[in-house]
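Novice: Take a look at this one; I'll ask things after.
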Amino acid sequence: MDDGEACKPSLGHPPAAPGARLCLLLSQLPKKIFTWYVLKTVVLGQMLSLFICGTAVTSQYLAEEYKVDTPMLQSFINYCLLFLVYTVWLAFRSGQNGLLHILRNKWWKYLLLAIVDVEANYSIVKAYQFTTITSVQLLDCVGIPVLMVLSWFILHSRYRLIHYIAVAVCLLGVGTMVGADVLSGREEGRASDMLIGDALVILGACLYAISNVSEEYIVKNLTREEFLGMLGLFGTFASGIQLMAVEYHAIGNIVWDWKVGLLFAAFALCMFGLYSVMPLVIRVTSATSVNLGILTADFYSLFFGLFLFGYNFSLLYILAFVVIMVGFIMYCSTATYHAEPVAAAQTSEGIENSAMKEEETPQEPATPLQYMPEELRERRD
């Protein structure tokens, strides 16, 4: 008996041992990995990582070369762009998808969501002033289990064993990248108050998880334009108020020239691209999948840092990138399930993610009537 036959369960007998299940799973893994869905998810995830890399590199260049430390101003510009594009788009719509109808019925919900998103951005960026890059990379991963828990209860997502293993593999890759940072001395001299910085990272990670779960719900049940338009409207309002409160003097100290303006423009375009593309990726995958995919953003930032900031290179960075990608592909290779209320034509396992289905289940033909009611039989006679 060859290996392929050993993995096949015998007819009429359920698979008895867990080893047989594992063997069958491994034999089917290549078919699940080498699919158009997985390839598309990987490409889109790395596109998001490059956008995040662009925001990180431009922010660091502004801070180190021009002593510009205005994270709220940079976020405010992004929300203004969202307002000019997507909120104006909603304004030209009518009916239930129009701006006025959305504001009348859901304004307070989007106001809370905008505040969460604004504070998530501000907390993570502000944390770099108090703690090390290593701590930010490690503690930022707290958002992934928080995101999975929120998805379980709010979105009714259900995970398989391979999803938990994939998350563990991705976190192992992050740990490898952190180890490379420690060996290269990249985090030296960056911490001033570790406790405050670490608390800000954890707070920002949890707020990002709330924002991402809300985003997944909106783009899958409503529209992408509604999410971005409302975020642009209320995000501009919330970030504008906070901007005047915390960065009024910092903005006045900026020495403006064409290079500083170009860096601000690059940051704004990268952030606008991130916000515009992320709902598209979340719609075909999930918020958890997206957050696993963008773990590679630090690797791309390192690549640019080699030339711009004189970072030291280590082969551990390559290993970390490979490990994260392996975990990400493992997660995407198997569909999650959504628990639904039990119905007559539905199993207890729930409904499989439609993005992973390669073909729809054919409907059964209608069953012909096998008897004739007494009333119709008497009339016929």
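Novice: How far is it, in nm, from the label point at W258 to the one at K40 when both lie 7 Å from their Cα along the line to the Cβ?
Specialist: 4.3
Novice: Next question, about the same structure. Each label point is 7 Å from the Cα along the Cα-to-Cβ direction; what then is the distance between the points at L306 and Q129, in nm?
Specialist: My value for the distance between the label points is 3.3 nm.
Novice: Could you tell me what percent of the accessible area of the range 82-237 is made up of carbon and sulfur, with a 1.4 Å probe and every protein chain present? Before the final figure, lay out each step's value.
Specialist: Numbers: 4990 of 7220 Å².
Carbon and sulfur atoms account for 69 percent of the accessible area of the range 82-237.
Novice: Could you run the Karplus curve 6.51 cos²θ - 1.76 cosθ + 1.60 with θ = phi - 60° over the range 153-158 and give me ³J(HN,Hα) per residue in whole Hz, x for Gly and Pro?
Specialist: Result, ordered by residue: 8, 8, 9, 6, 6, 10 Hz.
Novice: What's the center-to-center distance, using Cα atoms, between the range 236-294 and the range 304-328 in Å?
Specialist: Using only Cα atoms, the two centres lie 24 Å from each other.
Novice: Next question, about the same structure. Which whole-number value in Å² is the accessible area per residue of the range 120-169, probe 1.4 Å?
Specialist: Details: 2120 Å² over 50 residues.
Heavy-atom accessible area per residue stands at 42 Å².
Novice: Residues with amide H under 5 Å of R158's amide H, sequence separation 5 or more or different chain, H placed in the peptide plane at 1.01 Å from N; which?
Specialist: Here Y337, H338, A339 satisfy the definition.
Novice: With every protein chain in place, what's the accessible area of M194 (1.4 Å probe, Å², nearest 10)?
Specialist: Answer for M194: close to 80 Å² accessible.
Novice: What are the ³J(HN,Hα) values, in whole Hz, obtained from phi via the Karplus relation 6.51 cos²θ - 1.76 cosθ + 1.60 with θ = phi - 60°, for each residue of the range 248-256 in sequence order, with x given for Gly and Pro?
Specialist: In residue order, the calculated couplings are 4, 6, 5, 5, x, 8, 6, 8, 7 Hz.
Novice: Another question about this same structure. Given the Cα-Cα distance of Y164 and K220 and 0.36 nm per residue of separation, how much length would full extension add, in nm? Walk me through the intermediate numbers first.
Specialist: Numbers: separation 56, 0.36 × 56 = 20.16 nm, distance 2.34 nm.
So the extension gain works out to 17.8 nm.
Novice: Might you tell me the accessible area per residue for the range 206-272, computed with a 1.4 Å probe and given in Å²? Write out the running numbers ahead of the final one.
Specialist: Numbers: 3120 Å² over 67 residues.
Using a 1.4 Å probe on heavy atoms only, each residue of the range 206-272 averages 47 Å².
Novice: Something else: Between L103 and R283, 0.36 nm times their residue separation minus their Cα-Cα distance comes to what? Before the final figure, lay out each step's value.
Specialist: Working: separation 180, 0.36 × 180 = 64.80 nm, distance 2.33 nm.
Here the answer is 62.5 nm.
Novice: Once fully extended, how much extra length lies between L319 and L84, figured as 0.36 nm per residue of separation less the alpha-carbon to alpha-carbon distance? Walk me through the numbers before you get to the answer.
Specialist: Numbers: separation 235, 0.36 × 235 = 84.60 nm, distance 4.18 nm.
Full extension from L319 to L84 adds 80.4 nm.
Novice: Follow-up. Could you check the simple spin-label distance between I241 and Q60, using points 7 Å along Cα→Cβ, in nm with one decimal?
Specialist: Distance between the two pseudo-spin positions: 3.4 nm.
Novice: Could you give me the ³J(HN,Hα) list for the range 259-273, computed from phi with Karplus coefficients 6.51, -1.76, 1.60 and θ = phi - 60°, whole Hz, x at Gly and Pro?
Specialist: Couplings: 5, 5, x, 5, 5, 4, 5, 5, 4, 4, 5, 5, 5, 5, x Hz.
The values are calculated or read from the model by the stated rules, or taken from the named source; none is laboratory data. What you see is a predicted model, and the numbers here were worked out from it, not measured in a lab. Backbone-built Cβ (ideal geometry, glycine too); neighbour counts: all protein chains shown. Remember, those area values only see protein heavy atoms, side chains included, never the ligands or the DNA or RNA. Shrake-Rupley method; radii C 1.70, N 1.55, O 1.52, S 1.80 Å.
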